[in-house]
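> If you scroll down you'll find the structure; I have some questions about it.
Throughout, read-outs are computed from the coordinates displayed, never taken from laboratory work. Quick caveat: nothing in here was measured; it's all calculated off a predicted structure. Virtual Cβ from ideal backbone geometry, glycine too; neighbours counted across all protein chains shown.
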Amino acid sequence: MQIPLLLDRSRPATLAAQIVEQLRDAILQGRIAPGTRMPSSRRLADQLDVSRNTVVRAYESLMIESYVEGRRASGMFAASHLPDHTARPAAPPAIIAEGGSPSSMPLPCMPIRAQDLVARNRNRLAFDFFPGRPNAALFPLKTWRRLLQKSLSQGGAAGISQYSDPAGLAVLRTAIAGHVATTRSIVADVNRVVVTSGVQEGINIASRLFLGAGTVGMIEDPCYQGARYAFEAHGAQVVGVPVDSQGIVTDSLPSLPATLIYVTPSHQYPTGHVMSLERRHALIAWARRTGCYILEDDYDGDFCYEGSPLPSIASLAPDCTLHLGTFSKSLGAGLRLGYVIVPEPIAVAVRSAKALLNNGNSWLDQATLAEMIRSGSYAAHLARIRVRYKENRDSLLLALRRQFGVAEISGASSGLHLFWRLPAGVPDAPVLEEIARRARVGVYSLAGGGAHDATDSELARRCVLMGYAALLPRQIEQGIARLSEAIDDALELPNDSLPRTPAGTGHLALRFAQQPALRRTLLPQASFGPDDPAKSRFPMPVVTNIYRYPIKGLSPQRLTDVILKAGHTFPHDRMFALARPRSPIDGHVAKWAKKGLFVMLMLDEALARVRTHLDVDTLDFTIREGNRQLLAVNLASEKGRNDVEAFFQQLVPTLNGTPRLVRAETGGHFMDKPDKIVSMINLATVRALEERWGVEVDPLRFRANVYIDGAQPWEEFEWIGRDIVIGDTVMRVDRRNGRCGATNVNPQNGLRDLDIPTSLRTAFGHKDLGVYLVTRKTGAVSIGAQVIAPTDTVQHHVGLALAAVSTMPERRFICRGCYYVYEEASGLPEQGFAPGTSFAALPATWRCPDCGTEKSTFRPMALSAA
């Protein structure tokens, strides 16, 4: 290491003193970092042309002052810790030439905007749906390492030590030419191929060659931010052309002369539409007629999931098209390799522009990629990841439909992201982006996802980009579920006045206690252990109550029996709802929508002050308060519906308007989730919460269809993904039920007296209680019907669940990705970890069973008081 030191032999100070002074200042100012190896005395003496003894004396002085330290057989190092009495002086002021000052320096000729693709805060997201990012776990690391070592052993030293062709290695350009001939129908001479550092560099090269002050550059609207900003940076007038479901609208192309038009025909960014063949021919005809080059960005061109890809524009019009391609989506953006295929007349100019930018790309990366393409490994890799990404796409589509109903999607036939038009009841895209981020879910508006919309259109307000390649199917499902919960949670009123679990206690405060309508005598606790097999089961679970809720948010109606049909929801459950004033729900028959569009207990607790009853056959409807009947109408008549709407406007004055009574379409419902499900509560779990919190919790707060008793507390969570038999029907236990603010409302008097969701999350790291069932076999269910659970779960210990009442101290660890909780007392028997297995004993490779997060992200949870 050479340290800049200047010795002035005309000064009275000795040379050793000058060396000490300058090295001390360098250490104090941070120019020499703590622990840095200092030059040897011999080397520093040669550098300064002084005797070695002079340097030795200087080092000895610095050692006495504790600025450097010697290490045996290692040399001299800057001290790791400076002396306490020293203060770091400020850096010396910059030397200003005579007559100048920092403020007189010119600024850039024009402001330059650039897209921000760096994930500064995205690493804090548990579920990141950033568009266009591949899955790092699918990178062919072993293949890449093998080919890289092969490239190094075959001329690697010579290749690295000298400049190579700025246009790229000939072997890589040959491989790219063969690749695009097969996959894009582009027949190109190697001299027409130029290797770039990704698509953005190709855009910049084209902009530099064809745009400038007074020229016109055209882009899609909306489009990729990087193209818009590159055109602006070169002084061009930028004109946007709208896109629709067939790509750029060629009829809207202006007649004014342009020199360059940027398009993404394979998977339009951001909308995901594929440009039709007719539009491609129309664009080519316009470009030839006006003398405008087409800059074709083959965005996501490697990922076509349905049908055959259309021929690229460059294959149809090689004379007027610059074709951009990249390996960022298939291998990774960190590789920084792409290519541009240009018409023959401008090939030399493009190569020269590339040379002026950076004189070419890394020799080693180019050589490795060339061998990967030549050997067929790249084609095999593409085939493999295409299958995985299609599975991810299907998982995302399914998750959106399960949580949000009918999803209006574009771009599903190809690419690595979906373009989702937000349904009614979901906030605008910028607001949703922030709500999701607070829940550690990454969804992206156009601006957040790197797209530009010149008109701030409805697309910018009501559409988001959802990338899916970087996640696992299970993570996609959980991420969308959390997004849905975050949207619902954002609707809730502030809960600062509600009692919560005090820190350090195991009890839930309350304003007053009430007698739960369904509470039964607590079942005796059995002692479980390997030496007592006779006590290894609770009594056979049975159905104790069956309810339907004909009108969303209003009173339950108890049934003695019900016929559940396979693939259907609970009969006559949430068949009506009161749409909020000014909600975008038209007519008296409506499709499912997010609950924020309806009058509901979560926001409107006054609904619980009255008792309602609907005869589902005649549609006769009554409203009572105590023993007094307030209203009796028939919902089949318009007058009856109007009377109901007027009544609830008076009952809930915060509505600021008249709600509208709507009926679900045939086979539909207005439950909180759009799929065909039945909700179930295990009363043993409710009693476990009562014991833990020291209060009585009315099970009707949870508004379930089926209530069972006789199972273990929280055992229902162990049934997820499996079949149970209830009476004559077979049900699949589909997923947990996350609780919302409606459970805070006392169903007996309409007061908010508890904070159930927050208390659940405080105690257990989640707010789940109860499960959703899917009917697989039609059959009858009646009160008293037996519930036959999976046989290998009923033998589980009492402490099997994520949340269980325990009088013994237990250690729990929470996943920071999805809030899964590992309890040492319960273990994880399904993975072979017996109850009592410590978290430290889990292997380092163990991952969260819910979201796949690494063990290292888990954090200890505070012990709860008994």
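> Against the longest principal axis of the chain, how steep is helix 15-28, in degrees 0 to 90 to the nearest 10, with axes from Cα atoms?
The answer is roughly 20 degrees.
> In addition: Gain in length, residue 455 to residue 856, computed as 0.36 nm per residue apart minus the alpha-carbon separation, to one decimal in nm? Intermediate results must be reported in sequence, preceding the final value.
Details: separation 401, 0.36 × 401 = 144.36 nm, distance 4.55 nm.
Gain on stretching residue 455 to residue 856: 139.8 nm.
> Note the full-extension length gain between residue 642 and residue 116 as 0.36 nm times their separation in residues minus their Cα-Cα distance, in nm to one decimal.
184.0 nm
> Please quote Rg/Rh for segment 299-423 to two decimal places, taking the Kirkwood radius as Rh and restricting both calculations to Cα atoms.
Using Cα coordinates only, the ratio equals 1.05.
> Go ahead and estimate [θ] at 222 nm for the chain from helices alone: -39,500 (n - 2.57) per DSSP H run with n ≥ 4, summed, over the residue count, rounded to 500. Kindly include the intermediate steps, with their values, before the conclusion.
Details: 19 runs with 228 residues, N = 866.
Result for the chain: -8000 deg cm²/dmol, rounded to the nearest 500.
> Angle check, please: helix 429-438 long axis (alpha carbons) against the longest principal axis of the chain (alpha carbons), in degrees 0 to 90, nearest 10.
90
> Could you calculate the FRET efficiency of residue 64 with residue 9 from 1/(1 + (r/R0)^6), where r is the beta carbon distance between them and R0 is 30 Å, rounded to 0.05?
0.75
> Could you check the simple spin-label distance between residue 749 and residue 33, using points 7 Å along Cα→Cβ, in nm with one decimal?
6.6
> How many percent of DSSP beta bridges within the chain run antiparallel, rounded to 5?
Of all bridge pairs located within the chain, approximately 75 percent are antiparallel.
> If I take all pairs of Cα atoms in segment 557-694, what percentage of them are more than 18 Å from each other?
62
> Counting Lys +1, Arg +1, Asp -1, Glu -1, what net charge surrounds residue 261 among other residues with beta carbon under 13 Å of its beta carbon? Working shown, then result.
On the way: positive: 228, 279, 280, 288, 289; negative: 220, 221, 296, 297.
With Lys, Arg at +1 and Asp, Glu at -1, the neighbours total +1.
> Let me ask something additional. Would you mind checking which residues have amide H under 5 Å from residue 729's amide H? H placed 1.01 Å from N; only 5 or more apart, or other chain.
Placed amide hydrogens put 780 under 5 Å from residue 729.
> Sticking with this structure for a sec: With the crude spin-label approximation of a point 7 Å out along Cα→Cβ, what separation in nm comes out for residue 382 versus residue 49?
About 6.2 nm, to one decimal.
> What are the aspartates and glutamates whose alpha-carbon lies under 14 Å from the alpha-carbon of residue 150, with same-chain residues fewer than 8 places away excluded?
Straight-distance partners of residue 150: 365, 371.
> Can you pull the percent of Cα pairs in the chain with separation above 51 Å?
Above the 51 Å cut-off, the chain has 38 percent of its Cα pairs.
> Looking at segment 364-434, I'd like the Rg to Rh ratio, where Rg is from alpha-carbon atoms and Rh is Kirkwood's inverse mean 1/r. Intermediate results must be reported in sequence, preceding the final value.
Details: Rg = 17.9 Å, Rh = 14.9 Å.
We get a ratio of 1.20 for segment 364-434.
> Counting DSSP beta bridges in segment 139-375, what percent are antiparallel, to the nearest 5?
35
> Taking the Cα centre as origin and putting +1 on Lys and Arg beta-carbons and -1 on Asp and Glu beta-carbons, what dipole magnitude results for segment 382-490, to the nearest 20 debye? Numbers along the way, then the final one.
Numbers: 15 positive and 13 negative charges, 122 e Å.
Its charge dipole is roughly 580 debye.
> I would also like to ask the following. Have a look at segment 354-404 and give its Rg and Dmax from the Cα atoms, expressed in angstrom.
Calculated on Cα positions, Rg and Dmax stand at 18.5, 53 Å.
> Quick one: length gained pulling residue 424 to residue 124 fully straight, 0.36 nm per residue minus the C-alpha distance? Each step should come with its number before you reach the end.
On the way: separation 300, 0.36 × 300 = 108.00 nm, distance 2.89 nm.
Here the answer is 105.1 nm.
> How would you order 154-161, 314-321, 189-196 from highest to lowest mean count of nearby Cβ atoms within 10 Å?
So the peptides 154-161, 314-321, 189-196, ranked by packing, come out 189-196, 314-321, 154-161.
> Starting from the exponent 0.38 and prefactor 2.2 Å, build the expected Rg for segment 139-375 from its residue count and divide its actual Cα Rg by it.
1.01
> Write down Rg/Rh for segment 15-78, rounded to two decimals, with Rg from the C-alpha atoms and Rh from the Kirkwood relation over Cα pairs.
Rounded to two decimals, Rg/Rh equals 0.93.
> Another question, then. For a protection proxy built on the mean count of beta-carbon atoms within 10 angstrom, sort 639-651, 548-560 highest first, please.
Working: 639-651: 16.9, 548-560: 20.1.
By packing density, highest mean first, the sequence is 548-560, 639-651.
> Compute the helix-to-body angle for 638-651: its Cα long axis versus the longest principal axis of the chain, expressed 0 to 90° and rounded to tens.
70
> List, in order, the whole-Hz ³J(HN,Hα) value for each residue of segment 354-359 obtained from phi through the Karplus relation with A = 6.51, B = -1.76, C = 1.60 and θ = phi - 60°; use x for Gly and Pro.
5, 4, 5, 6, 7, 6
> May I pose another question? Could you pull out the pairs from 591/639; 390/565; 329/591; 329/676; 329/673; 767/855 whose alpha carbons sit more than 27 Å apart here? Show your work: numbers first, answer last.
Values: 591/639 23 Å; 390/565 32 Å; 329/591 38 Å; 329/676 37 Å; 329/673 34 Å; 767/855 22 Å.
Beyond 27 Å: 390/565; 329/591; 329/676; 329/673.
> Right, something else. What are the extents of the Cα atoms of segment 638-767 along their three principal axes, in Å, largest first?
Computed over the Cα atoms, the extents are 49, 37, 23 Å.
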